[in-house]
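The values are calculated or read from the model by the stated rules, or taken from the named source; none is laboratory data. This is a predicted model, so every value here is computed, not measured. Cβ atoms come from the backbone with ideal geometry, glycine included; neighbour counts cover every protein chain shown.
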């Protein structure tokens with residue numbers, strides 16, 4: 001086997017591999033066996049027909065085509081190992097010369113991790129840290145009070161009341177919406193808070209509910225705004241038939257020591273609860289500040305790094321972004337196709353919108369990978385397994401119920417996170 005390696009771009013490689021006629025004999029024999037196993041030849045058991053019988057049955061050209069596939073499967077990995085190459089993508093294979101009785105030549109084109117000329121990343125990190133304010137984060141009384149109100153609201157009770165609905169009330173409504181006598185939406189006993197923006201896209205909808213009493217029915221018309229994402233509805237008029245099922249008044253629990261103790265946390269008084277909230281807000285702010293510093297450091301290193309971004313990695317990142325979007329939409333009860341219709345875009349347009357962010361993500365991953373290599377950063381198996389066990393303990397799930405594929409995926413994710421943490425520790429120390 002002869003290998004010719006050609007450097008197309010900084011990260012693109014082309015290998016031309018030549019396999020001699022003698023070497024092809026082994027692959028011809030293997031191809032004949034494979035063909036024999038998948039066809040019935042009179043007088044021979046499955047997989048036992050001689051090569052000359054197979055050649056006469058399927059033809060010399062077809063046998064050599066199959067042998068060429070076998071040859072690629074057997075020689076491509078060997079060629080990579082010989083040249084010490086680690087591809088980022090599956091190869092594009094092209095048969096250059098395939099003629100029975102002659103040497104077989106094929107080309108394999110693939111991408112490898114690009115060569116990266118790293119700048120003095122420690123110096124850059126130090127300069128960025130110096131530019132950033134080192135002031136400690138503070139938490140205001142207003143922030144604590146707002147969080148307290150959110151906690152109280154999350155534990156509010158509802159009391160059905162017999163009076164006209166007004167803003168801030170919670171109501172239950174049943175309605176149908178028709179356009180040109182065609183039903184386009186329907187809800188039965190839908191609960192929401194008046195004035196909370198649930199029907200912000202239907203200007204004036206809630207105005208018809210305010211002032212109604214439980215059991216009262218009404219009919220009204222609402223125009224869909226011209227800038228509605230769904231072009232089929234934009235600017236159209238919808239007729240609603242609506243019934244106010246119930247009106248509720250929200251009652252917040254009193255802020256007492258008993259309430260604080262009922263939260264099942266590590267507090268038993270309002271004073272301790274406020275201190276705990278302040279501590280939590282402070283930790284969150286410090287975490288955000290730390291993340292912001294890390295992003296500024298990596299952005300500055302990328303800015304001063306010369307490298308080619310492999311298109312295959314950008315496409316892979318775009319695929320990941322698309323999958324994440326699909327999962328998020330599914331949780332909201334939408335399909336990706338429905339979402340595209342709402343925003344009036346094709347999938348290709350959306351991917352193009354994401355491209356800049358995808359390229360930035362790939363650049364950051366490459367730079368962190370190269371710094372990790374240079375600093376010889378390693379993550380031990382015990383560290384990974386400890387975090388994996390912690391994940392299952394916090395989620396309340398059983399590690400034994402997860403598939404091996406799922407566990408390995410989680411381990412790779414944890415290893416990447418831990419490695420990046422160690423790299424950023426080096427950059428920010």
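Just one of the numbered conditions (1) within 19 Å of residue 416 (Cβ to Cβ); (2) in contact with a helix residue (DSSP H, G or I) (Cβ under 6 Å, 6 or more places away or on another chain) is not true of residue 382: (2). Are any of the residues in region 221-228 in contact (Cβ under 8 Å) with a residue 40 or more places away in the chain and exposed (fewer than 15 other Cβ atoms within 10 Å of the Cβ)? No, because not a single residue in region 221-228 is in contact (Cβ under 8 Å) with a residue 40 or more places away in the chain and exposed (fewer than 15 other Cβ atoms within 10 Å of the Cβ). Regarding region 366-374, can at least one residue be identified that is assigned to a loop (DSSP other than H, G, I, E, B) and either touching a residue at least 12 places away in the same chain (Cβ under 8 Å) or under 22 Å from the mean Cα position of the chain (by Cα) (or both)? Scanning region 366-374 turns up no residue that is assigned to a loop (DSSP other than H, G, I, E, B) and either touching a residue at least 12 places away in the same chain (Cβ under 8 Å) or under 22 Å from the mean Cα position of the chain (by Cα) (or both). Is it true that some residue in region 303-310 is surrounded by 17 or more Cβ atoms within 10 Å (Cβ to Cβ) and modelled with pLDDT of 90 or more? Yes, the conditions are met somewhere in region 303-310. The condition (being under 30 Å from residue 365 (Cα atoms), surrounded by fewer than 14 Cβ atoms within 10 Å (Cβ to Cβ) and outside the structural domain of residue 421 (by TED's automatic domain parsing)) is satisfied by just one residue among 288, 282, 296, 271: 288. Listed conditions (1) within 30 Å of residue 279 (Cα to Cα); (2) exposed (fewer than 12 other Cβ atoms within 10 Å of the Cβ) are all met by residue 188, apart from (1). Residues in region 140-165 that are part of a loop (DSSP other than H, G, I, E, B) and closer than 13 Å to residue 214 by Cβ: 161, 162, 163, 164, 165. Within region 160-178, being under 14 Å from residue 192 (Cα atoms) and touching a strand residue (DSSP E or B) at 6+ places or on another chain (Cβ under 8 Å) holds for 160, 165, 168, 169, 170, 171, 172, 173, 174, 175.
Does at least one position in region 329-344 carry a residue that is outside the structural domain of residue 420 (by TED's automatic domain parsing), modelled with pLDDT of 90 or more, in contact with a helix residue (DSSP H, G or I) (Cβ under 7 Å, 6 or more places away or on another chain) and in a helix (DSSP H, G or I)? No: zero hits.
Just one of 164, 182, 231 is exposed (fewer than 14 other Cβ atoms within 10 Å of the Cβ) and over 32 Å from the mean Cα position of the chain (by Cα); which is it? Matching residue, one of 164, 182, 231: 182. Here region 124-139 is the region considered, the condition is being under 30 Å from residue 275 (Cα atoms) and loosely packed, with under 10 Cβ neighbours inside 10 Å, and the residue that is modelled with the highest pLDDT is 136.
One line per residue, one yes/no per condition, for (1) under 22 Å from the mean Cα position of the chain (by Cα); (2) surrounded by 11 or more Cβ atoms within 10 Å (Cβ to Cβ); (3) assigned to a helix (DSSP H, G or I):
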| site | (1), (2), (3) |
| --- | --- |
| 382 | no, no, yes |
| 387 | yes, yes, yes |
| 391 | yes, yes, yes |
| 405 | yes, no, yes |
| 409 | yes, yes, yes |
| 412 | yes, yes, yes |
| 416 | yes, yes, yes |
| 420 | yes, yes, yes |
| 426 | no, yes, yes |
